[in-house]
Amino acid sequence: MALNPRLSGRVAARAHHSPAAAILQKMEPFFAIGQVSGGPLLIATIIALVAINSPIGADYARMWDRPLRLSYGAWSVARPAAEWINDALMPLFFLIVGTEVKREFVKGSLASLRTAVFPIAGAIGGLVVPVALYVAFNHGTDAAHGWGVVAAMDTAFSLAIVAMFTTRLPMAVRAVLLAFAAIDDVFGLLIIAFAYTTSIAWGFLALAGCAYLGILALLRLRWVASVPYVLLGLVVWIGVFGSGVHPTIAGVAVGLLLPTSSRLSEAVFAKRVQDPVDRFKEAQAAAERADDPAEEEEQRDKAQRRLGYIHEMAAATDEAADRLVRLLTPWVSYVVLPLFALSNVRIHFSAELIGKAVHSPLTGGVVAGLVIGKPLGFLGASWLATKIGRAALPKDVTWPMVLGIGGVAGIGFTISLFIAELAFTDAVQTEEAALGILVASIVSGLFGYAMFWKVSRPAADAG
């Protein structure tokens, strides 16, 4: 979800050829195709804010609230278009998040126990302190039950800011942020599941559990074909969706199952394909020498069989997690997240709303929880965990960098808007919460950027 080394090198090289490329280099992480990027989400947010505050605002909102119905025989389910986006498309985003965090914990910068405890401790602090601040602002009011709004962060925006410094910050910074974001978002999803879910259909939840166990069984059997995994993943989503629990949890849960190692090492691959490559060359040469069309066709068939074997062996060197992330990231960046913003960002700017928000403990609690609570909680809890010897600061990461991570964690947006819609039935409260989320996200993003800019080292010359 940040620029990979080869792509970052290409971006740096462009700066030598064009002044415009040097300027655009800073913006590249927001629009890079190879990972989840925040640029399209930002543009969609601006479009949504302009549309909802224009003369067509009412029609724009009705467009996303228009029910879309799925039916089969006597069975039928109808939901607004915005809810279908939240429930059916956003799990793809969290599937990537779950996959990425598993990779970091299994073989990345957080593979050791003490470095893995670091973001876990930070995530706990990043949940407790913001919630405490929000409750302090809203204790005894009817907005107190909206404490979950400050629980989670927006992964796409925060990672995009870190990616702007991809050549000047240690890779461990991204790993810590990614792990913190995933754990933080899981906390947010659990809050949705247990604090803002009115009822649970246990039969559907059992169905999801059975399908989940089915995926585990196929993995143990080292099943190769992807179709059964896709079908079982859909059943997991259907089960979670039908249970009443927010289906984004299904995305994270399935993502944590994806293998982060290949079925075949490169060394074993080299041994296994050497003979098929030789036989392919022989068959190809024989086909070119053949005078009889039947013999030529037979030799070409042999060559194709060798190519098929080599192709399958090459595919076995690829990680399932990497393959899925490559497939999904362009769709998530340029379709799923923008659609989420277009359908969910509905802040009607007005003097009345701003006046109420300035004096509203709800808005104040949201801003304080995200802007102050997130960095304070993450920095304080991770520092405490290292002091008592339970965690270790990842290599090359400094405490100011940790503060920067906590800063961008205050960009609530995605999950915060999710929870605001669930927590508040009153339209005014929902808008006050959304305005607080927007303000907090802007301030947190600027603070995090400033911290990373201050602690980043000069970019190495890419030659």
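The values are calculated or read from the model by the stated rules, or taken from the named source; none is laboratory data. What you see is a predicted model; the values in this text were computed from it and never measured. A quick note on method: Cβ atoms are made from the backbone with ideal geometry, for glycine too, and the neighbour counts reach across all protein chains shown. We work out accessible area using only protein heavy atoms, side chains counted, and drop any ligands, DNA or RNA first. Shrake-Rupley method; radii C 1.70, N 1.55, O 1.52, S 1.80 Å.
Put simply, when 411-423, 67-79 are sorted by average Cβ atoms within 10 angstrom per residue, most first, you get 411-423, 67-79. Helical content of the chain, expressed as a calculated mean residue ellipticity at 222 nm, amounts to -22000 deg cm²/dmol (DSSP H runs of 4 or more residues, -39,500 (n - 2.57) each, divided by residue number, nearest 500). Quotient of the Cα radius of gyration of region 191-284 and 2.2 N^0.38 Å, N being its number of residues: 1.61.
Protection proxy ranking, highest mean first, for peptides 215-226, 85-96, 138-149: 85-96, 138-149, 215-226, where packing is the per-residue count of other beta-carbon atoms within 10 Å, averaged. Cross-link partners among aspartates and glutamates for K356, C-alpha distance below 17 Å, same-chain residues fewer than 8 apart left out? Counting by Cα, and skipping residues close in sequence, K356 has these aspartates and glutamates nearby: D142, D426, E431, E432. Exposure check, 1.4 Å probe, all protein chains in place: Y60 carries approximately 30 Å² of accessible surface.
Across region 155-160, rounded Karplus estimates of 3J(HN,Hα) from the backbone phi angles (6.51 cos²θ - 1.76 cosθ + 1.60, θ = phi - 60°) give 5, 5, 5, 5, 5, 5 Hz, Gly and Pro being marked x. Per residue, the accessible area of the chain comes to 47 Å², computed with a 1.4 Å probe over protein heavy atoms only. The residue among A58, G108, C210 whose Cα reaches farthest toward the positive pole of the charge dipole of the chain, with charges on the beta-carbon of Lys, Arg, Asp and Glu, is G108. Tell me, what is the FRET efficiency for D275 and A136 to the nearest 0.05, using R0 = 56 angstrom and their Cβ-Cβ distance as r? Once rounded, the FRET efficiency stands at 0.20. The largest-to-smallest principal axis extents of the Cα set in region 147-219 are 50, 38, 14 Å.
For the chain, the fraction of 1.4 Å probe accessible surface lying on carbon and sulfur atoms is 66 percent. The length gained on full extension between E319 and L70, counted as 0.36 nm times the residue separation minus their Cα-Cα distance, comes to 86.1 nm. Built from the Cα atoms of region 53-205, the convex hull projects on average onto 14.2 nm², one quarter of its surface area. Positive end of the charge dipole of the chain (Lys, Arg +1 and Asp, Glu -1 on Cβ, about the Cα centre): tell me which of V224, Q284, F452 has its Cα farthest that way. The one lying farthest along the dipole's positive direction is F452. Across region 84-98, rounded Karplus estimates of 3J(HN,Hα) from the backbone phi angles (6.51 cos²θ - 1.76 cosθ + 1.60, θ = phi - 60°) give 4, 5, 5, 8, 9, 9, 4, x, 5, 4, 6, 5, 5, 4, x Hz, Gly and Pro being marked x.
Between L256 and S199, the simple spin-label model (points 7 angstrom out along Cα→Cβ) gives 2.8 nm.
When the chain is described by a simple charge dipole with +1 on each Lys and Arg Cβ and -1 on each Asp and Glu Cβ, the residue from P400, P40, V345 located farthest towards its positive end is P400.
Over 16 Å apart: what share of the alpha carbon pairs of region 279-333 falls there, rounded to a whole percent? Of the Cα pairs, 57 percent sit more than 16 Å apart. 3J(HN,Hα) couplings calculated from phi for region 276-281 with the Karplus curve 6.51 cos²θ - 1.76 cosθ + 1.60 (θ = phi - 60°) are, in sequence order, x, 5, 4, 5, 5, 4 Hz; Gly and Pro show x.
Please compare each pair in K281/K302; K107/K387; K102/K387 to a cut-off of 22 Å on the Cα-Cα distance and tell me which ones are over it. Where the Cα-Cα span goes over 22 Å, the pairs concerned are K107/K387; K102/K387. From the coordinates of this entry, Kirkwood radius over Cα pairs in Å is computed, and it appears in (i) 23.1; (ii) 24.1; (iii) 26.9 under the label (ii). Here region 249-306 is assigned +1 on the Cβ of each Lys and Arg and -1 on the Cβ of each Asp and Glu. Its dipole about the Cα centre then comes out at about 580 debye. Here the ratio of the Cα radius of gyration of region 355-463 to 2.2 N^0.38 Å is 1.30.
For I124, the accessible area of its heavy atoms, probed at 1.4 Å with every protein chain present, is near 90 square angstrom. Using only side-chain charges placed at the Cβ, +1 for Lys and Arg and -1 for Asp and Glu, the dipole size of region 104-206 relative to its Cα centre rounds to 400 debye. Charge dipole of the chain (Cα centre as origin; +1 on each Lys and Arg Cβ, -1 on each Asp and Glu Cβ, all else neutral): 1180 debye, rounded to the nearest 20. Near L68, the amide H atoms lying under 5 Å from its own belong to R79, A81; only residues 5 or more places off or on other chains count, and H is placed 1.01 Å from N.
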